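The values are calculated or read from the model by the stated rules, or taken from the named source; none is laboratory data. Note that the coordinates shown come from a computational prediction; the quantities given were computed from them, not determined experimentally. Glycine also receives a Cβ, built like all others from the backbone with ideal geometry; neighbour counts cover every protein chain displayed. To get the accessible areas, we keep the full protein, side chains included, count just its heavy atoms, and leave off ligands, DNA and RNA. Shrake-Rupley method; radii C 1.70, N 1.55, O 1.52, S 1.80 Å.
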Amino acid sequence: MVKIGVLVSGGGTNLQQLINAQAAGNLGGGEIVTVISSKPEVFALERAKQAGIEAVTLARKEYPDVEAYSQALIDALQERGVELVVLSGFLTITSDRFVQAFPNRIMNVHPALLPAFGGKGFYGLHVHQAVLSRGCKLTGATVHFANEVCDGGPIILQKAVEVREGDTPETLQKRVMEQAEWELLPKAVSLFCQGRLTVEGGTVTIAP
């Protein structure tokens, strides 16, 4: 069994897909052992509790700086023996030390086809607004391993989603979540837990 820790900051819609996949036996032998939120009383914590998963609040505002907060996360995850960290709508900045503590073991889902529309400032509706402003015909989602570069880690899975005439950032966000993010994240987690992902030279290979 691969122990999974999920980090959240909000409602936890992607977390719910992981919980559903786990309940259906589709996480490749992985198990979510803890959900940690950077904010108190977010609905993602309630989702975890309803599924019988430990729900923890490590409020960013209670720590003096990024380094101290990152160390608190590392300690909490390592104490629970977490082998895979999943960033699921986790909007809090962490230090390089955090990434280095879990090399190629931190997974993030991004609502665009990286490397397009990634990096600082590209999160949430900002991504979809940028896609629409550029007149893109296709967008999508990417699951990647996190490294020291924001949205710059090795890409695991991607799926394209059509941009439609009359889309708003909100309608596009909903379609990207439903058609891409919710499918890709549980699949990528399952592949990791099955031991089918290897990283070499910044490229991910998926074993059959």
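List of remarks:
- Subset of the range 150-208 [open to solvent by 50 Å² or more (accessible area, probe 1.4 Å), within 17 Å of residue 115 (Cα to Cα) and at pLDDT 95 or above]: 155, 158, 159, 160, 203
- Selection of first residues in the range 76-87 that are at negative phi and of second residues that are assigned to a helix (DSSP H, G or I) and of a type outside the set (Ser, Thr, Tyr), restricted to Cβ pairs under 6 Å at least 6 apart or on distinct chains, gives the following pairs, ordered by first then second residue: 84/192.
- Of the residues 196, 175, the single one that is among the basic types (Lys, Arg) and over 18 Å from the mean Cα position of the chain (by Cα) is 196.
- Among the candidates 24, 51, 72, residue that is under 19 Å from residue 3 (Cα atoms), in contact (Cβ under 8 Å) with a residue 24 or more places away in the chain and not basic (Lys, Arg): 51
- Every pair of residues 6+ apart whose Cβ atoms lie under 7 Å, when the first sits in the range 1-13 and is open to solvent by less than 40 Å² (accessible area, probe 1.4 Å) while the second is basic (Lys, Arg) and at pLDDT 95 or above: 5/80; 9/39; 12/47
- Summed over the range 131-149, the residues that are outside any helix (DSSP H, G or I) and either closer than 25 Å to residue 191 by Cβ or open to solvent by less than 30 Å² (accessible area, probe 1.4 Å) (or both) give a count of 12.
- Number of the condition not met by residue 99 [criteria: (1) farther than 24 Å from residue 194 by Cα; (2) over 12 Å from the mean Cα position of the chain (by Cα)]: (1)
- Some residue of the range 71-80 being open to solvent by 10 Å² or more (accessible area, probe 1.4 Å), touching a helix residue (DSSP H, G or I) at 6+ places or on another chain (Cβ under 9 Å) and among the charged types (D, E, K, R): no
- Search result, residues across the range 190-202 that are touching a strand residue (DSSP E or B) at 6+ places or on another chain (Cβ under 6 Å) and of a type in the set (Val, Ile, Thr): 198
- Residue that is farthest from residue 170 (Cα to Cα) [pool: residues in the range 95-130 that are open to solvent by less than 40 Å² (accessible area, probe 1.4 Å) and either at pLDDT below 95 or part of a loop (DSSP other than H, G, I, E, B) (or both)]: 102
- Sole exception among (1) surrounded by 17 or more Cβ atoms within 10 Å (Cβ to Cβ); (2) within 24 Å of residue 154 (Cα to Cα); (3) touching an Asp or Glu at 6+ places or on another chain (Cβ under 8 Å) for residue 48, by number: (2)
- Residue within the range 34-47 that is modelled with pLDDT of 95 or more, charged (D, E, K, R) and touching a helix residue (DSSP H, G or I) at 6+ places or on another chain (Cβ under 7 Å) present: yes
- Residue that is closer than 22 Å to residue 187 by Cα and of a type in the set (Val, Ile, Thr), where the choices are 86, 56, 66: 86
- Screening residue 28 against (1) at positive phi; (2) part of a strand (DSSP E or B); (3) not acidic (Asp, Glu) leaves a single unmet condition, (2).
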